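First up is the structure itself, then whatever we jot down about it.
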Amino acid sequence: MRSPVHLKLDLAVYGVRLGEELAKERIFSAPASARDFASRDVELILPEDIVARCPVGTRSASKSPYLLRNVDDQFVIEDDSGERTPVGVVPPPRFYNEATTAGTPMWQVGTVHAGYLSIDPATTCGFAAKGAACQFCTMQNDTSATGAAPRTVEEVLEVVRAAFDEGAAEFVYFNTGYFDSDDGGFAFLQPYVEAIKKHFDTLVALQIHPPKDNQWIDRTYAAGVDALSYAIEIHDPVALAKFCRGRSEFIGRQRYYDALEHAATIFPSGTVWSDLIVGLESLESTKEGISALTDMGVLPILSLFRPLDETELREHAPPAPESVAPVYAHLYQAVRDARINVQFMRDLGYAITPIEARFFAGEDAKLDVAVSSFYRSKIGSRAVRGLSKLRRRLRVKTVSDSFDSSRL
Amino acid sequence: MDVVVDTRPLWVILLSRSTRFLKIALGLFVYWAILAMDRPPDLPPEGQRALAVFGLCVIFWALNVIPLMITSLLAIILISWTGVMSHEEAFALFGNSAVFFILGAFILAACMMKSGLSTRMSLVFLQRFGHSPRTLLIAIFLLNAFMSFFMSEHAVAAMNFPIIAEIVAVLRLRPFRGNYAKALFIALAWGSTIGGVATLLGGGRAPLALAVLEQVTDETPYTFLSWMLHTLPVVLTMLFVGYLVITRWFPVDVASVKDAEVALAQKVHDLGRTTLEQRAIGLVMIATIGVWIVAGHELGLANVALAAVVLLFLLRLVEWRDVEEYVNWGIILMYGGAICLGKALAASGGALWLAESTVGAWAGSPTSVVAALSLATWLLTEAMSNSAVVALMMPVGLAIAENVGLAQSLIAPIIAVPAGLAFAFPIGTPANAIAYSSGYLRLRDLIFPGMLMGFVAWIVFNLAANFYWPLLGSALAG
Ligand code: SF4
């Protein structure tokens, strides 16, 4: 039997067909989010609590060798040899059916993925406005989103409350596009982060583009952000310029690495990450990217390239899942050698996390898995939140603090 | 609000943060240990209790456990709770005229700043004299010194800082590179510091020292003018030495200050004509200083200050809102508590016992006592607030003076002047902290020349005390 992470990889690339008995089920017709390109996916819980997001109803998914079925009230994934793997299906949360006081459907403000609520209050990306959107991203032609007014802090708070009250999410994840400003967009996000920290005892992760000045990274931490990503996506400079012109031209590859390096000195180990897409550059180059990141204490998160129907790269072939195993094995080993904490980045349906990469390295990483289960428990997650707060209290000082001592 | 993220290992941060609890514990321990020790027969019970409160306050002031003024309030509470003084007596010391003199001086300075008069003075002075790199440097140095003769040196440094920062920016001087920017910021800090010890207005140290002196000895031996006469040689010599040290340590390395001249001229032009309000405030200020010099003793320094304040309000030259914003109210609380503690220590016999049992055993001539007291005061003031140094050194100094036959009245300048001469560390005085905050100075740029300045100042001060003060009728032996 394939390991659940090998299966996750297959499902990410090929998607899944739905058995006849499921085609009409509401849970498989999740609403399309303005920002989130994964909303046509279904979220599955594979054995060993591996979370996987796989496309349904797309062109390639209709040819998938995998079929999701409900057999005797148990969801299973059936491959073309007839082998079945029992899985769980995460139903869309109830709050998707509700609207904010201002009348916006809540799913347009935030979508839930394996315990975290993903929000983009800006609803637009500056690269798209400059005609330099990433070629794999649905933003490039999502005219409905371009120019839309940002979500208000109140709307975001309402949705976070709804998601938390329902128990659908535990953490908040801000994922925004490019801002043409020195702060990289953090000045825009700061009021949202601070409001969430003020009203909820939760962890906040942020995916944003690097600011021009590292002082903004310090402010990002001081404002209450617990985990931070500047996603480089592609290590090879030529491929980066080709597929992500905005990143290459308006920010520059080196700035991503410099900002990540600084962030890794400010945030706790394992909370600064960068996404790399496997399949848009040579596997060797991805491996080099992994090493470059781990050398500076940054966690690489590896997603597999998927040609989305609405993007320029719809005809670009995805990598064969079996060919990428060495890259994931390298990921596991590099993170291990760099002694980066692997516990924060878990349960990502869209990517393979370093702890999941153990299956490719042939290791069982028992200790990491045990600690991971502790972190998932109520008491464990409370401890993580408490420690995160304490660490920030100890580390962050305002300049005026140091000044006060000489007054009078 | 800019943030700094401390990236040292967490255990190091934890350790350094937990020192706060250790400091509190140390203060409480000292308090308890003094109360619990077997009382020597020559130490009265109230003296022992006053010493315990003093010990606690010294620790809290020196280690900055809580803000200085809150430690002062704690002193008042403890002095009355331990029965050293009744609480009526303790709180009545807030009514000391020195506190109101400082208040009046602050309000007058607030009016000058609010009306823009002080900024105008700075800009015009610098524009007039700052034509070459060297004259601009001298102008900044002297301007800060001169303004600190009649305004708190901290306010002067804070007020002139943006002007210097702009000069440095238009000259396109880079942080840490080259000397000129460093020289200008050090001139700002040292000028204010040296000028601050010249009169009773340069900071709260001198009035505080005089208040403690008055409470303990019932003497008010100094007029505005006589204080100035006592400090003048030190001030003038240190201005000269300061200029030499700055220009030798940081030789001028720019050829022209043309751009700064243009910028200053533009700023002066933007100010327009002197307003009626500014002229009137200037006149009131000059008149007040005149009355302080001529009749301060008869009319009372505090009375003159407050009368000037009343006049400014009568003429509607200032509003209460402006005063509230500019006055450092904390210092009023700090001084009330410090005066109370000084009085309690002296009246209870605690200070005398402390002096006899420590310094008394080895103290020799008045000259050596002056040298030791001024040295200790200078070293302490480099590391802690100079007001706190005055608060803790005055009662002890007065008792030592009584013990060795040194004129008690001289203890006020012996403590207050060196307490103002912190040249080396940002923590020593806000003027240094402000210069350091420019980002143009490395710590060592301040420390090494600063320690040299402090040492020279100590020698100059002792020479003045021994050879010049007797000419004013203030012989050391009382
Ligand atoms: S940065 Fe690229 S991937 Fe991100 S939203 Fe903009 S276009 Fe899409």
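The values are calculated or read from the model by the stated rules, or taken from the named source; none is laboratory data. Values in this document were obtained by computation on a predicted structure and should not be read as measured data. Cβ: placed from backbone, ideal geometry, glycine included. Neighbour counts: every protein chain shown. Ligands, DNA and RNA are excluded from the accessible area calculation, which covers all protein heavy atoms including side chains. Shrake-Rupley method; radii C 1.70, N 1.55, O 1.52, S 1.80 Å.
Past the 24 Å Cα-Cα mark, which pairs from A:LYS130/A:LYS287; A:LYS397/B:LYS23; A:LYS242/A:LYS287; A:LYS8/A:LYS130?
In this structure, A:LYS130/A:LYS287; A:LYS8/A:LYS130 exceed 24 Å between Cα atoms.
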What ³J(HN,Hα) values, in whole Hz, does the Karplus curve 6.51 cos²θ - 1.76 cosθ + 1.60 give for region B:443-456 when θ = phi - 60°, with x put for Gly and Pro? 4, 5, 5, 8, 5, 5, x, x, 5, 4, 4, x, 5, 4
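What ranking of A:ASP49, B:ASP218 comes out by heavy-atom accessible area, probe 1.4 Å, highest first? Walk me through the numbers before you get to the answer.
Details: A:ASP49 90, B:ASP218 135 Å².
I get B:ASP218, A:ASP49, largest accessible area first.
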Amide H to amide H, which residues 5 or more places from A:VAL272 or on other chains are under 5 Å from it, using H placed in the peptide plane? A:LEU228, A:LEU299
Derived scalar couplings ³J(HN,Hα) [region A:249-264; Karplus, 6.51 cos²θ - 1.76 cosθ + 1.60; whole Hz; x for Gly, Pro]: 8, 8, 10, x, 4, 4, 5, 4, 5, 4, 5, 5, 4, 5, 4, 5
For region B:122-221, what is the largest minus smallest coordinate of the Cα atoms on each principal axis, given in angstrom and ordered from greatest to least? 56, 28, 18
Out of all DSSP beta bridges with both ends in region A:94-385, state the antiparallel percent to the nearest 5. 25 percent
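Can you list which of the trypsin sites (Lys or Arg not before Pro) found in region B:213-314 are DSSP loop residues with at most 10 other C-beta atoms within 10 Å? List each step's numbers first, then the result.
Details: sites: B:ARG248, B:LYS258, B:LYS267, B:ARG273, B:ARG279; in loops: B:ARG273.
Filter output for region B:213-314: B:ARG273.
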Which residues, if any, in region B:1-18 lose at least 20 square angstrom of accessible heavy-atom surface (probe 1.4 Å) when the other protein chains sit next to their chain rather than the chain being alone? B:MET1, B:ASP2, B:VAL3, B:VAL4, B:VAL5, B:ASP6, B:THR7, B:LEU10, B:ILE13, B:LEU14, B:ARG17
Mean projected area in nm² (Cα convex hull; one quarter of hull surface) for region A:357-397: 3.9 nm²
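Please state, rounded to one decimal and in Å, the Kirkwood hydrodynamic radius that region B:1-75 gives when every pair of distinct Cα atoms enters the mean of 1/r. Can you show the working numbers first?
Working: mean 1/r = 0.0699 Å⁻¹.
The answer is 14.3 Å.
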Collect residues whose amide H, placed 1.01 Å from N in the peptide plane, falls under 5 Å from the amide H of A:VAL278; neighbours closer than 5 in sequence don't count. A:SER303, A:LEU304, A:PHE305
What is chain B's relative contact order, in percent, from Cα pairs under 8 angstrom and six or more apart in sequence? 23 percent
If you build a Gaussian network model of chain A, linking Cα atoms that sit under 10 Å apart, which residue out of A:TRP216, A:TRP273, A:TRP107 swings the most? A:TRP216
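From the helices alone, meaning DSSP H stretches of at least four residues, give me the mean residue ellipticity at 222 nm for chain A, per-run term -39500 (n - 2.57), in deg cm²/dmol to the nearest 500.
Working: 13 runs with 137 residues, N = 408.
Result for chain A: -10000 deg cm²/dmol, rounded to the nearest 500.
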Roughly what angle does helix B:329-348 make with the longest principal axis of chain B, taking Cα atoms, 0 to 90 degrees, to the nearest 10? 30 degrees
Using Cα positions and a limit of under 18 Å, work out the lysines in reach of A:LYS378, with same-chain residues fewer than 8 apart set aside. A:LYS389
When N counts the residues of region A:217-358, how does its alpha-carbon radius of gyration compare numerically with 2.2 N^0.38 Å, as a ratio? 1.02
Projected onto the charge dipole of the protein assembly as shown (unit charges on the beta-carbon of Lys, Arg, Asp and Glu, signs +1, +1, -1, -1), the Cα from B:GLY428, A:GLY184, A:ALA195 with the largest positive-side position is that of B:GLY428
For a quick check of understanding: with a 1.4 angstrom probe and all protein chains in place, what accessible area in square angstrom does A:PHE179 have, to the nearest ten? 40 Å²
What share of the DSSP beta bridges in the protein assembly as shown is antiparallel, in percent to the nearest 5? 55 percent
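Using a 1.4 angstrom probe on the protein heavy atoms only, could you order A:HIS113, A:HIS262 from most to least accessible area?
Numbers: A:HIS113 15, A:HIS262 45 Å².
Greatest to least solvent exposure: A:HIS262, A:HIS113.
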For chain A, with a Gaussian network of springs between Cα atoms less than 10 Å apart, report the residue from A:THR101, A:THR353, A:THR58 with the top mean-square fluctuation. A:THR101
Phi-based couplings in Hz for region B:263-274 (Karplus 6.51, -1.76, 1.60; Gly and Pro marked x): 5, 5, 4, 4, 5, 4, 4, 4, 5, x, 7, 4
Ranked order, B:TYR243, A:TYR332 - accessible area, probe 1.4 Å, largest first: B:TYR243, A:TYR332
Under a 5 Å amide H to amide H cut-off, with H placed in plane at 1.01 Å, what residues pair with A:ILE50 once short-range neighbours are removed? none
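In debye to the nearest 20, how big a dipole does chain B give about its Cα centre with +1 on each Lys and Arg Cβ and -1 on each Asp and Glu Cβ?
Details: 25 positive and 26 negative charges, 315 e Å.
Value, rounded to 20: 1520 debye.
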Can you tell me the Rg and Dmax of region A:161-289, counting just the alpha carbons, in angstroms? 15.5, 46
With a 1.4 Å probe and every protein chain left in place, tell me how much accessible area B:TRP353 has, in Å² to the nearest 10. 40 Å²
Dipole axis of chain B (+1 Lys, Arg; -1 Asp, Glu on Cβ), positive-most option in B:TRP353, B:VAL460, B:GLN266: B:GLN266
Filtered hits (lysines, Cα-Cα < 19 Å from B:LYS182, offset >= 8 within chain) -> B:LYS258
Whether chain A is rounded, prolate or oblate, judged on the alpha carbon gyration tensor where a/c under 1.5 counts as rounded: rounded
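How long are the three semi-axes of the equivalent ellipsoid for region B:333-425, computed from the Cα gyration tensor as the root of 5 times each eigenvalue, in whole Å, largest first? Provide the component values of the computation, followed by the final result.
Values: eigenvalues 80, 60, 20 Å².
So the three semi-axes of region B:333-425 are 20, 17, 10 Å.
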Looks like region B:197-315, by Cα gyration tensor root eigenvalues a ≥ b ≥ c and the a/c under 1.5 rounded cutoff (else prolate when a/b is bigger than b/c, oblate otherwise), is oblate
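Which shape class applies to the protein assembly as shown: rounded if a/c is under 1.5, otherwise prolate when a/b exceeds b/c and oblate if not, where a ≥ b ≥ c are the square roots of the Cα gyration tensor eigenvalues? Walk me through the intermediate numbers first.
Values: a/c = 2.84, a/b = 2.22, b/c = 1.28.
Prolate shape, in that a/c is at least 1.5 and a/b is the bigger ratio.
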Would you mind checking the radius of gyration and Dmax of region A:288-408 based on alpha-carbon positions, in Å? 19.9, 70
Crossing angle, helix B:224-249 versus chain B [Cα axis fit, 0-90 degrees, rounded to tens]: 60 degrees
Once the mean of 1/r over all distinct C-alpha pairs in chain B is inverted, the Kirkwood radius in Å reads 23.3 Å
In deg cm²/dmol and to the nearest 500, what is the mean residue ellipticity at 222 nm of chain B if only DSSP H runs of at least 4 residues count, each as -39500 (n - 2.57), divided by the residue total? -24500 deg cm²/dmol
Please report, to two decimal places, log10 I(q)/I(0) for region B:1-147 at q = 0.10, 0.13, 0.16 Å⁻¹ as given by the Debye formula with identical point scatterers on the Cα atoms and no solvent. -0.69, -0.88, -0.96
Which angle from 0 to 90°, rounded to the nearest 10, does the C-alpha axis of helix B:117-129 make with the longest principal axis of chain B? 60 degrees
